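Scroll down for the structure; my scribbles are underneath it.
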Amino acid sequence: GIDLGGTKIHTALATEEGVIVKEAVLPTLAEEGEEKVLQRILESIEEVMEKGAIRHEELLSIGIGAPGLIDQKEGVILTAANLPFENYPLSDAIRKVYPVPVKVENDGNAALLGEYHLGERKKTKNLVYITVSTGIGGAAMVEGKLLLGAKGAAFEVGHMPLVKDSSILCGCGQYGHVESYVSGTGIRRAMERSLSHGEESSMKEGTAFGTREIYEASKMGDALSSRILEEAYAYLGMTVSQVLTMLNPEVVILGGGVSFIGDDFLKRVKFHTQKHTLPLLYEACEIRLSSFKEKTGVLGAVAVALAEAL
């Protein structure tokens with residue numbers, strides 16, 4: 001299973017029961033282009049096979065969770081905001097090296113499948129997964145069926161318009177999208193904008209920081225960090241509220257790096273979700289963090305691989 005993200009490539013060798021045996025994590029380095037990223041994907045596969053002492057002929061299948069719009073049937077990444085791929089036949093490229101079934105799935109769909117088949121709330125028929133990471137992804141299951149849409153691109157929740165007349169550009173080239181305000185990238189850029197405007201903070205302009213550092217600063221009393229995080233929580237709560245209103249799910253699972261903040265993150269997102277949601281819809285849904293934490297993406301990719309093998 002390969003969790004292909006804008007920041008890192010997380011690959012796991014797993015048994016037919018979905019138990020991870022060996023793992024490898026490589027930087028994506030997306031700015032180097034699609035062929036370089038492909039080479040790192042192949043390196044990560046080889047690394048886990050070597051660690052697990054698995055011969056090529058013992059490999060059963062490969063599943064990939066990737067951000068963006070995916071042609072699942074052909075294994076083509078049509079476009080991805082945080083990756084260099086454009087109409088790229090990733091499945092075929094990998095099969096040239098490893099001649100086994102290779103399935104490329106949207107990372108949100110993959111994570112949802114992992115939760116559905118392997119998670120604590122598995123087999124929940126009306127289930128939503130939202131990943132809050134470098135970007136924002138998501139997937140929905142309605143009455144036990146994955147919601148795909150006409151082009152297999154349903155539930156691109158990160159690219160739902162959220163703010164009218166926004167000047168904040170999303171990585172997809174549009175303005176005012178959820179991802180621009182709620183993702184780890186969006187949170188960091190909000191801090192950078194504030195610092196460039198002369199606002200006071202323990203964060204310093206020109207230094208390296210991410211959501212974790214902003215969160216730690218907020219816990220130490222940094223007012224700007226607290227305000228920026230609260231704005232992100234509010235926007236995410238509004239987004240979850242829209243999902244509850246449209247789909248009336250039993251469970252919404254939040255995953256991805258930003259969610260690793262933990263209980264504080266969940267508490268504030270639930271507060272803002274309840275604030276914007278009809279009571280009947282809010283009370284019918286459990287909003288929870290992924291039980292897989294940092295392994296959500298890769299276990300989702302493993303679930304995709306298992307489906308191909310079987």
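Using a 10 Å Cβ count of at most 10 others and DSSP loop calls, identify the longest part of the chain lacking such GluC sites (Glu not before Pro).
Working: sites that count: E17, E143, E200.
Free of exposed loop sites, the longest segment is 18-142.
Between exposed trypsin sites (Lys or Arg not before Pro) in the chain, where DSSP calls loop and at most 15 other Cβ atoms lie within 10 Å, what's the longest gap?
Working: sites that count: R55, K73, K96, R121, K122, K123, K125, K151, K164, K204.
With trypsin sites (Lys or Arg not before Pro) excluded where exposed in loops, the chain gives 205-310 as its longest stretch.
Provide Rg and Dmax in Å for the stretch 1-151, with only Cα atoms included in the calculation.
Spelled out, the Cα radius of gyration and Dmax of the stretch 1-151 are 15.0, 42 Å.
What distance in nm lies between label points placed 7 Å from Cα along the C-beta direction at E43 and K122?
Inter-label distance under the simple model: 3.4 nm.
Could you work out [θ]222 nm for the chain from helices alone, using -39500 (n - 2.57) per DSSP H run of at least four and dividing by all its residues? Round to the nearest 500 deg cm²/dmol.
Numbers: 10 runs with 121 residues, N = 310.
That comes out to -12000 deg cm²/dmol.
May I have the extent of the alpha carbons of the chain along their three principal axes, as whole Å values ordered from largest to smallest?
Principal extents (Cα only, largest first): 57, 46, 34 Å.
When you take every Cα atom in the stretch 90-248, what is the radius of gyration, and what is Dmax, the widest Cα pair distance, in Å?
Gyration radius and largest Cα-Cα distance of the stretch 90-248: 18.4, 56 Å.
Write out the chymotrypsin sites (Phe, Trp or Tyr not before Pro) in the stretch 228-310 meeting two conditions: DSSP loop, and at most 16 other Cβ atoms within 10 Å of their Cβ. Please list the in-between numbers first.
Details: sites: Y233, Y235, F260, F265, F271, Y282, F292; in loops: F292.
Within the stretch 228-310, no chymotrypsin sites (Phe, Trp or Tyr not before Pro) qualify (loop, at most 16 other Cβ atoms within 10 Å).
May I ask which of K36/K151; K204/K267; K51/K295 have a Cα-Cα span longer than 20 Å here? Walk me through the numbers before you get to the answer.
Numbers: K36/K151 28 Å; K204/K267 28 Å; K51/K295 18 Å.
Result: K36/K151; K204/K267 exceed 20 Å.
Of I20, I45, F155, which is farthest towards the positive pole of the chain's charge dipole, taken about the Cα centre with +1 and -1 on the beta-carbons of Lys, Arg and Asp, Glu respectively?
So the residue we want is F155.
Of I214, I54, which has the most accessible area with a 1.4 Å probe, and how do the rest follow in descending order? Walk me through the numbers on the way to the answer.
Values: I214 0, I54 55 Å².
I get I54, I214, largest accessible area first.
Counting heavy atoms of the protein chains only and a 1.4 Å probe, report the per residue accessible area for the chain as a whole number of Å². Please list the in-between numbers first.
Values: 14350 Å² over 310 residues.
Roughly 46 Å² per residue, with all protein chains present.
The values are calculated or read from the model by the stated rules, or taken from the named source; none is laboratory data. The model shown is predicted, which means the values in this text are computed figures rather than measured ones. Note that we place each Cβ from the backbone using ideal geometry, even for glycine, and neighbour counts take in every protein chain shown. Side chains included, ligands, DNA and RNA excluded: accessible areas come from the protein's heavy atoms. Shrake-Rupley method; radii C 1.70, N 1.55, O 1.52, S 1.80 Å.
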